[in-house]
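Each remark here refers to the structure printed beneath this line.
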Amino acid sequence: MLKLDNPDATWSGNAADGYSLWFSWVVGTEDREWPRCNDVVMLLVYFPEVAETDEEGNATGLLNARPCMKMDGGRRKEGQDVLEIPAQLTGRPMEVYVAVVSEDGKKIADSQYLGKMMQ
């Protein structure tokens, strides 16, 4: 199973419209052909430390790590997908990953680490 070509992620959004991480990758000729075109992209953003807050929003401690994920994302042939990020997780360091699984779920590529990001 082939990994995505040149994957990238870009932060987007604001408090009024919501927050998201836009993923993109290069779609080559082979990526548009069957069966590879229907590979499913999986998106994962991992927040290693998430502050626990009280009712007024004051930090009271740290919770365990928290992920945001989309296991049934876009298709390889689409070249992009988006992952919504809860507002309470913004402003925190996040580790960003992407992976690909065949449409039938029998093959999976190693995940690709896109790096550490902050909003």
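What follows draws every value from the coordinates through simple rules; no lab data is involved. Just so you know, these numbers come straight off a predicted model, no measurement behind them. Don't worry about glycine lacking a Cβ; one is built from the backbone with ideal geometry, like all the others, and counts go over all protein chains shown.
Picking from residues in segment 4-43 that are outside any strand (DSSP E or B) and among the aliphatic types (A, V, I, L, M), the one that is farthest from residue 115 (Cα to Cα) is 16. Taken over segment 69-82, the criterion of being over 17 Å from residue 9 (Cβ atoms) and surrounded by 13 or more Cβ atoms within 10 Å (Cβ to Cβ) is satisfied by 75, 77.
Close contacts from segment 23-41, counting a first residue that is closer than 21 Å to residue 11 by Cα and a second that is assigned to a strand (DSSP E or B) and among the small types (Gly, Ala, Ser), with Cβ to Cβ under 6 Å and a gap of 6+ residues or different chains, come to 23/9.
Tallying residues that are within 19 Å of residue 108 (Cα to Cα), touching a helix residue (DSSP H, G or I) at 6+ places or on another chain (Cβ under 7 Å) and either exposed (fewer than 14 other Cβ atoms within 10 Å of the Cβ) or acidic (Asp, Glu) (or both) within segment 3-37 yields 3.
For segment 7-32, the tally of residues that are within 14 Å of residue 95 (Cα to Cα) and acidic (Asp, Glu) stands at 1. If the condition is being closer than 19 Å to residue 39 by Cα, buried (at least 18 other Cβ atoms within 10 Å of the Cβ) and within 14 Å of the chain's Cα centre (by Cα), then segment 83-113 contributes 83, 97, 98, 99, 100. Residues that are assigned to a strand (DSSP E or B) and either touching a His at 6+ places or on another chain (Cβ under 6 Å) or not small (Gly, Ala, Ser) (or both) within segment 101-119 comprise 101, 108, 112, 113, 114, 116, 117, listed in sequence order.
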